[in-house]
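Report on one structure; see the data block that follows.
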Amino acid sequence: ASDVLGGWLREQPSMNVFAGIPDACMRATGRLADRVVDGAVWVLGVEHPRVAFGLTQAGGVRSIVSVERNMWNAFSDLGEAPALVMVPNLIEWMSDHQAVVLLSSLRSILRPGGKVVVSTLGPSSDAVFLDCFLRWMTHRRNSEQLLKLFVQSGLEVVLEASAPEPGVVVIGQDQMEATSGDLGV
């Protein structure tokens, strides 16, 4: 019975992309690293195994700051203001209000010209099962719902990057600075 359940779980869209969505977020962040203002790259949600592994592979000239999941602490304690903030698979665990508070806080500490890269699980047919059976109490949002959160946070979505279904990866910038230029992601 456990083999049947295990096989079925591996076939579910959310389980198939559990590693793929943060990978897509990391790829988008990596592609942006040379196209935004100088400054640190902050990575939230480092507890995710794929994100932790990705950080071990990261290198280059930008400093990378791992931000623990307890993001309600002041970001000002983390030193250098970020040019990029990567938020992989974290928003789906937050209510709309919590997500807006987080995104607003990140917007306020970004360097001018900085960007926020967010990945999340979008709606899928297996969401109810995973929420009930595995007790993953997620808030699944599609691109339009993420857009609303970004707007409420003072961010504008400047690009949606490719991600495996049912994942969503969006890149935002302060609404006052956003341009429609090609980011090449």
* Considering only the other residues whose Cβ falls under 13 Å of the Cβ of Lys148, what net charge follows from Lys and Arg at +1 and Asp and Glu at -1? -> -2
* **Protein-only accessible surface order, largest first, of Arg111, Arg135, Arg140, Arg10 at 1.4 Å** => Arg135, Arg10, Arg111, Arg140
* **Fully extended contour minus Cα-Cα distance, from Ala19 to Ser108, at 0.36 nm per residue** => 29.1 nm
* Which order do the peptides 99-108, 164-173 take when ranked by the mean count of other beta-carbon atoms within 10 Å per residue, highest first? => 164-173, 99-108
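For segment 82-137, what is the accessible area per residue in Å², given a 1.4 Å probe and the full set of protein chains? Intermediate results must be reported in sequence, preceding the final value.
Details: 2100 Å² over 56 residues.
That works out to 38 Å² for each residue.
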* Asked: Under a plain spin-label model, where a point goes 7 Å from the Cα along Cα-to-Cβ, how far apart in nm are Cys132 and Glu11?
  -> 1.9 nm
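At a 1.4 Å probe radius, which order do Met94, Met137, Met15, Met26 fall into by accessible area, largest first?
Values: Met94 10, Met137 125, Met15 65, Met26 40 Å².
Order by accessible area, largest first: Met137, Met15, Met26, Met94.
Report in % the part of the accessible area of segment 111-164 that belongs to carbon and sulfur, leaving out ligands and nucleic acids; probe 1.4 Å. Working shown, then result.
Numbers: 1500 of 2600 Å².
Its accessible area is 58 percent carbon and sulfur atoms.
The values are calculated or read from the model by the stated rules, or taken from the named source; none is laboratory data. For clarity, every value in this text was computed on a predicted model and none was experimentally measured. Note: ideal-geometry Cβ built from the backbone for every residue, glycine included; neighbour counts use all protein chains shown. In case anyone asks, the SASA skips ligands and DNA or RNA and just uses the protein heavy atoms, side chains included. Shrake-Rupley method; radii C 1.70, N 1.55, O 1.52, S 1.80 Å.
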